[in-house]
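Peer 1: First the structure, which I've put down as structure tokens, then a few questions once you've had a look.
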Amino acid sequence: MKFLTLNDKIVALAEKIKAEGIPVINIAAYSGGTFAMRMINPNAGALNCYSITKSFTATAVGIAMDFGMLRISDRVIDFFRRDELPDNLPDGWEDVTLHHLLTHTTGQSRGVLFEGDRYNRSHERDWIKRSFDVGLDAPPGERFTYSNSNYFLAAAIVRRATGADTEQFLREHLLDPLEFGACAFERGESGDIMGATGFFVYTWDMWKLGYVYMSGGLGFDGRRLLSEEWVRMALTDQVGLKDAPRYGYGFWLGNDGRFTCSGANGQTIRVFPRHDLIFAAHAAGDPDYDSLLAMTFGV
């Protein structure tokens, strides 16, 4: 039986995607010190990874925590001036912490700042006020409500805690050490990066975030980019609620140590530590990655 290299597997997977019209744009994989990629649509450039952006924002929080600039227990409203908040701040926000933002457990009644309402000019244009204007109908920590506003606020907090633009902070401490190429973040009118979506990045760079977490916080050269403590926290179920997903700080958690970064329309970084495998893809639909990866990599 012929031994298939990582490149052989990626080529075979790309051919299947093309032949069956599966809505995947580009794929990349890393295993055993080897990287392979196929551009199924060679015209695609840096693409929106949608909610994978949340995993990068959570990482910015982790770096700031490692520097002693933030604590997971910090109150959210303490980072914002009174004039940045709604005139009538809904009850409960004074108890919301950074932990609640990163786990989508603020207790808010609905999610906001998704694409359907983010650019609706009939709504409040100030995303900070829009985020805080949502009522909390459960005590913080007792309900999981997925909302882009949580990670927008988290990104804004990094800026205020570090004194540096959050994108530049990430570039200095994560993206540049990992040799990311051209990439950019969507921003709101306050100047803050969106933080929950809108990170435009090439597939051949996007997977590198998975490597840092699979390696326990190290870059390719062995330099420590994140503390082992932050990696452990980020990859532990921090929600802990019945009928809620297993979710850490910006990562969806699976069995056998597996973890995933997911974005709308099929964007993914999937990490399989026991198989020493990272798979990443940009897509334009909702591919059945479970079947594709089981067939190709046996995971």
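Peer 1: Given a 1.4 angstrom probe, I'd like the percentage of the accessible area of the chain that is carbon and sulfur, rounded to a whole number. The partial results should precede the final answer.
Peer 2: On the way: 5930 of 12720 Å².
Reported share for carbon and sulfur atoms: 47 percent.
Peer 1: Under a 1.4 angstrom probe, counting protein chains only, how are Arg224, Arg274, Arg187, Arg171 ranked by accessible area, largest first? Let's see the in-between values first.
Peer 2: Working: Arg224 115, Arg274 185, Arg187 90, Arg171 45 Å².
Ranking Arg224, Arg274, Arg187, Arg171 by accessible area, largest first, yields Arg274, Arg224, Arg187, Arg171.
Peer 1: Could I ask something else about it? How much length, in nm to one decimal, is gained on full extension between Phe220 and His275, taken as 0.36 nm per residue of separation minus their Cα-Cα distance?
Peer 2: Working: separation 55, 0.36 × 55 = 19.80 nm, distance 1.81 nm.
The Phe220-His275 span can extend by a further 18.0 nm.
Peer 1: How many angstrom lie between the C-alpha centres of segment 139-164 and segment 21-93?
Peer 2: 11 Å
Peer 1: Taking every pair of Cα atoms in the chain, average 1/r, invert it to obtain the Kirkwood radius, and report Rg/Rh to two decimals.
Peer 2: Numbers: Rg = 19.2 Å, Rh = 19.7 Å.
That ratio equals 0.97.
Peer 1: By per-residue mean of other Cβ atoms within 10 Å, what is the highest-first order of 5-14, 285-294?
Peer 2: On the way: 5-14: 16.8, 285-294: 14.0.
Highest mean packing first, the order is 5-14, 285-294.
Peer 1: Would you calculate the separation in nanometres between label points at Asp8 and Glu124, each defined as 7 Å from the Cα along the Cα-to-beta-carbon direction?
Peer 2: 5.9 nm
Peer 1: Here's something else I'd like to know. Dipole size in debye (nearest 20) for the chain around its Cα centre, Lys and Arg Cβ +1, Asp and Glu Cβ -1?
Peer 2: With Lys and Arg at +1 and Asp and Glu at -1, about 640 debye.
Peer 1: Still on this structure, please answer the following. Any chance you could get the radius of gyration and Dmax over the Cα atoms of segment 1-73, in Å?
Peer 2: Just the Cα atoms of segment 1-73 yield Rg and Dmax of 17.9, 55 Å.
Peer 1: Kindly report the accessible area of the chain per residue (heavy atoms of protein chains, probe 1.4 Å, no ligands, DNA or RNA), in Å².
Peer 2: Details: 12720 Å² over 299 residues.
For the chain, the solvent-accessible area averages 43 Å² per residue.
The values are calculated or read from the model by the stated rules, or taken from the named source; none is laboratory data. The structure presented is a predicted model; accordingly, all values stated were derived computationally and were not measured. Every residue, glycine as well, gets a Cβ built from its backbone with ideal geometry; the counts of neighbours run over all protein chains shown. Ligands, DNA and RNA are stripped out before the accessible areas are found, and what is left, the full protein with its side chains, is counted by its heavy atoms. Shrake-Rupley method; radii C 1.70, N 1.55, O 1.52, S 1.80 Å.
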